[in-house]
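First the structure, in the form of structure tokens, and then the observations on it.
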Amino acid sequence: MTDGSVEEDDPDYCLLANDAIGWIRVDLGAPYFLSEVRWLNTHNGASGDRAVTDWRLLVSKDGVEYFEMASGTEEFSEDPSWVVIDDLPEDISYRYLRVQVDGYYDRGGGINEIEAFGILDNPGVPNVALGKPVTASGFHNSSVGPEHVVDGSYFEEDLDYWLLPDSTSGWVMVDLGKIYDISKIRWLNTHNGAYCDRAARDWRIELSQDGVTFTEYTSGTQEFSSTPAWVEFKHIAVTARYFRLQVDDYYDRGGGINEIEVYGYQRNIALGQTATASSTHNPTVAAEHVVDGSILEENCTDYWLLPNDTTGWVQVELDSLYQLSGIRWLNTHNDGYDDRAAAAWRMAISADGVEFIEVANGYAEFTSTPEWVDIDSLPSGSDSARYVRLYVDGYHNRGGGANELEVFARLKMGRTNLALGRPCQASGEHNATVGAGNVVDGSFLELSSDYWLLPNSTPGWVEVDLEEERDLTEIRWLNTHNGPYHDRAATDWRLSVSSDGVDYVEVASGTQEFTTTPAWVVVPLEETAARYVRLHVDGYHNRGGGINELEVY
């Protein structure tokens, strides 16, 4: 019936049982915007005793709810013509076709061939929920467990749905495994098969990148139906790893749902984030081009270049700490000139922007049509990072560079730096460019004046106001070395906290050796509530003291 053969020299057709009406269904595998459906009657080959007379064409998005598109009556012929249906809706996609045989010739009905033409809906975007791990607040019994909401089956001819315990609200959650940019969501209610006594009524959809903090995306109320329709949200732009559907109210004996589908691609978490570099050839080929999403190098400078005959690095700072699943980067060729590219390279990641772990390295041959370099395997236990850095250790011809850097993640880590961007004050400042506000700016590469310095040869303190009392679990701070001068840093230090800005309690102290590559000083806390966090610089290196950054969790 869908084999492309129509001659009836062999049994290349479908026959219904003797003297019976019925239907023949085709699953297109995905929803299509249909422009034409056509079908060819049978005559049962040399026997010439079977064919469809009265018929209807029905279509469905989900295989559950069908809509009639056309109907008619065919005369018997041993040389039947195609029946063409081309008056189909342009803006609704369908996955299932069903030819309903309501009348037949002589001994029974049947069809030789069905053909369908159209454009794929949501082309190429996969259902990333299919077969993924699922958990639930509870289930009625093991035969209607939560795994059924991602099994791809939703006819309810079998137990292919999830049910909550009797008279109970609850939730079901799908872990997509990685962070995705989602363009379409849809879910299908249950009716509990032949019993028709259970379904979700009031519901909410919640999304999360970390499995801890969930944001409500939408909510609604469904009327009970034994042929429920998909609840669908198309052309959306949300980002998530975890999809949770809350059933807040239910029909009759309890709640549940049949299926959840989520469509999208893995999110490039580097896109549009802050990029910096060791140096740049000129401002038109700056570091930000490696995260601009443009890779064509066609009459535009959408890539980063190092200065002539120079090695160096480019780095992206993500908006949070992530558990990474992969990295990929694309070389440049310096469009129009074909004289620059990275040769020897290394990829490294860091949680703090100070200590980096190398995760891959290689050598790239020069080509004017470079291909993506994929890094899919990251060291186990060392895949948490906020900073991703590409080192260009060798270059082709006049210099090195890169076109694009993409980063993908399994999980957004749940910590929030409470100090970031909060009000700061200090006992003193060397000058206005190295003021107290720099310790909460989130920048600590010291390529610019992104740190705080005390006046020459002076002890003192810097303080952040969290603007309300918070329960603290960790404070950490990063020393300065005064950028290219390497002549200032904190040595002896104390850390104290306060709820009112008057009475302070010391929580840690120590001494730091001077280094041009300082590491974070981490201070874990227990049962500590505070609004104000103050770091005292009691001793300093060479010309004076200061610090680069202060983070509070």
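Amide H contacts of N189: V231, N258, each under 5 Å away and 5 or more positions distant or on a separate chain (H built 1.01 Å from N in the peptide plane; Pro and chain starts excluded). Answer rounded, prolate or oblate for the stretch 304-433, using the Cα gyration tensor with square roots of eigenvalues a ≥ b ≥ c: rounded when a/c is under 1.5, else prolate when a/b is larger than b/c, else oblate. Oblate, since a/c reaches 1.5 and b/c is not below a/b.
Be a star and scan the stretch 102-123 for residues whose amide nitrogen sits under 20 Å from the point 7 Å along the Cα-to-Cβ vector of H235. Correct set: 119-123. Once the chain is represented by equal point scatterers at the alpha-carbon sites, with solvent omitted, what log10 I(q)/I(0) does the Debye formula produce at q = 0.11, 0.12 Å⁻¹? Ignoring solvent entirely, the Cα scatterers give -1.07, -1.15.
Residues whose amide H lies under 5 Å from that of Y322, counting only those 5 or more places away or on a different chain, are A385, R386, M413; hydrogens are built 1.01 Å from N in the peptide plane.
Computed from label points 7 Å out along Cα-Cβ, the spacing between D10 and E298 is 4.7 nm. Name the shape class, rounded, prolate or oblate, that the alpha-carbon gyration tensor gives for the stretch 147-222, where a ≥ b ≥ c are the square roots of its eigenvalues, rounded holds for a/c under 1.5, and otherwise prolate holds if a/b is larger than b/c and oblate otherwise. The shape class here is prolate. Label zone of I92 (point 7 Å out along Cα→Cβ, amide N under 17 Å): in the stretch 12-34 this covers 31-34.
Would you list, by chain and number, the lysines whose Cα falls below 24 Å from the Cα of K178, excluding same-chain residues fewer than 8 positions away? Within the straight-line cut-off, K178 pairs with K132, K234, K412. Considering the stretch 14-120 at the alpha-carbon level, its Rg and Dmax are found to be 13.7, 43 Å. In the frame of its principal axes, the stretch 73-222 has Cα extents of 66, 36, 26 Å, reported largest first.
Taking only Cα atoms of the stretch 406-526, what ratio of Rg to Rh do you get with Rh as the Kirkwood inverse-distance radius? Reported Rg/Rh (Cα atoms, Kirkwood Rh): 0.97. Here the label points at D248 and T218, each 7 Å from Cα along the C-beta direction, are separated by 1.6 nm in the simple model.
Across the chain, the mean sequence separation of Cα contacts (distance under 8 Å, 6 or more residues apart), normalised by length, yields a relative contact order of 10 percent. Proximity of backbone amide H atoms, modeled 1.01 Å from N, is registered between A270 and V407 at under 5 Å, excluding neighbours fewer than 5 places apart on the same chain.
Each residue, S167 and S143, gets one label point 7 Å from its Cα in the Cβ direction; the gap between the two is 2.3 nm.
Any read-out appearing in this document is the output of simple, stated calculations on the displayed coordinates, not a laboratory observation. Quantities reported herein were computed from a predicted structural model and do not represent experimental measurements. Counting neighbours? That spans all protein chains shown, and the Cβs are built from the backbone with ideal geometry, glycine included.
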